[in-house]
Amino acid sequence: MSHDPTMRTVSGMRPTGPLHLGHYFGALKNWVPMQDSMSAFFFVADLHALTSDYADTSRLRGFVHELVLDWLAAGLDPEKSVIFQQSKVHEHAELGLLLGMITPVSWLERNPTYKEQQQEITNKDLGNYGFLGYPVLMAADILLYRPKWVPVGQDQLPHLELTREIARRFNGFYGSVFPEPEARLTPAARCPGLDGRKMSKSYGNGIYLRDTMDDIVPKVRGMFTDPARLRKSDPGNPDVCNLFPYHILLSSPEECAEIREGCTKATLGCVECKKIFMRNLETFLEPLHQRRATYTPAQIDEILADGDKRARVEAKATMDIVREAMHL
Ligand code: TRP
């Protein structure tokens, strides 16, 4: 695809810890090619991290750096993409406030993600105003850059729908300012955690992009496979195995077919299968580790400072239009 600078994409991630394979295959992998075909804005959503993790912010700055480093390792290029920090571009907060004026509370209370997280997350108090307003701030993040595409995972769709509804309502009151952005979905990549639960940093069951083989070998050795397969001579079922979804992501289609056959016919044991996986994982991670090693902390600061400046130009231009439209 050729580069079309009038076509824009925007996306962000919360800085809550190192990225694991689920983050990579679920989102980041799709961001990388987009920077070649259109004007791309990728930001660290540190304000969004505060909506739930407001009580202890001592690790926030470190997480911001780490997230950017993970992105660069995965192939985001600061020459091609505008990489920036949400809280440094104050227009996000300003537009968030203005959009809050026109967003009915009932839309936020109805949001399935909100209801689900309120129920599921019990170790933090999510009764705060900012958490309810999460999608309003997200709408501001997106609409500030007036993008065509927002590359996100399936789980973000309710939020994106709210962004479109807020844009529509704004345009209805004040004239057409915001084009309605569209989701660019990442095909659902199944990345179970090492223990079969969802891969999540809070369960400590993930393989991280920054992991070295010394970290990975013991993790993979302990990984659950088909629980009914006790010996190599028992035929296995790749469809209930925790490891097999990773072969689908990292091994060639031919190799996956061979593994499936070897497993179901009991000619390939789990130990051998894990070795194939580790070899392919190492090949996949090697260029990421090489890129990661080329950046110093000072360079990350520079990349962010430059990105903040470039993002602000666009954000300011939109806010001029918004203020004018609202007679502020
Ligand atoms: N909600 C997103 C997530 O949890 C992060 C995010 C914040 C975002 N603002 C955004 C994503 C704007 C896309 C666009 O992953």
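The values are calculated or read from the model by the stated rules, or taken from the named source; none is laboratory data. Please read all numbers here as calculations on a predicted model, not as lab measurements. Don't worry about glycine lacking a Cβ; one is built from the backbone with ideal geometry, like all the others, and counts go over all protein chains shown. Remember, those area values only see protein heavy atoms, side chains included, never the ligands or the DNA or RNA. Shrake-Rupley method; radii C 1.70, N 1.55, O 1.52, S 1.80 Å.
Which of the residues belonging to the stretch 197-210 are at negative phi and surrounded by fewer than 18 Cβ atoms within 10 Å (Cβ to Cβ)?
From the stretch 197-210, those at negative phi are 197-203, 205-210; that's our starting set.
If the condition is that a residue be at negative phi and surrounded by fewer than 18 Cβ atoms within 10 Å (Cβ to Cβ), then Arg197, Lys198, Ser200, Lys201, Ser202, Tyr203, Arg210 are the ones that fit.
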Note on the stretch 150-177: residues polar (S, T, N, Q) and within 13 Å of the ligand (Cβ to nearest atom) are Gln154, Gln156, Thr163
Across the stretch 28-76, the tally of residues that are within 12 Å of the chain's Cα centre (by Cα), among the acidic types (Asp, Glu) and open to solvent by 20 Å² or more (accessible area, probe 1.4 Å) stands at 0
Considering the stretch 1-27, residues that are away from the ligand (no atom under 11 Å from the Cβ), under 21 Å from Gln85 (Cα atoms) and not in a loop (DSSP other than H, G, I, E, B), and then whichever is most open to solvent (accessible area, probe 1.4 Å), we arrive at Arg8
Per the filter on the stretch 28-52, residues out of contact with any His (no Cβ under 7 Å at 6 or more places or on another chain), more than 13 Å from the ligand (Cβ to nearest atom) and not aliphatic (A, V, I, L, M) are Lys29, Pro33, Gln35, Ser39
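If you go through the stretch 273-309 one residue at a time, how many are open to solvent by 80 Å² or more (accessible area, probe 1.4 Å) and assigned to a helix (DSSP H, G or I)?
So the count comes out to 12.
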Is the stretch 236-254 home to any residue that is buried (at least 16 other Cβ atoms within 10 Å of the Cβ), touching a strand residue (DSSP E or B) at 6+ places or on another chain (Cβ under 7 Å) and farther than 30 Å from Gly175 by Cα?
yes
So, first residue over 18 Å from Ile83 (Cβ atoms) and at pLDDT 95 or above in the stretch 297-326, second residue of a type in the set (Lys, Arg) and surrounded by 14 or more Cβ atoms within 10 Å (Cβ to Cβ), Cβ within less than 7 Å, six or more apart or across chains; the pairs are Thr318/Arg146
When Val82 is run through (1) closer than 25 Å to Leu21 by Cβ; (2) part of a strand (DSSP E or B), the failure sits at (1)
Given (1) in contact with a helix residue (DSSP H, G or I) (Cβ under 8 Å, 6 or more places away or on another chain); (2) in a loop (DSSP other than H, G, I, E, B), Ser176 misses just (1)
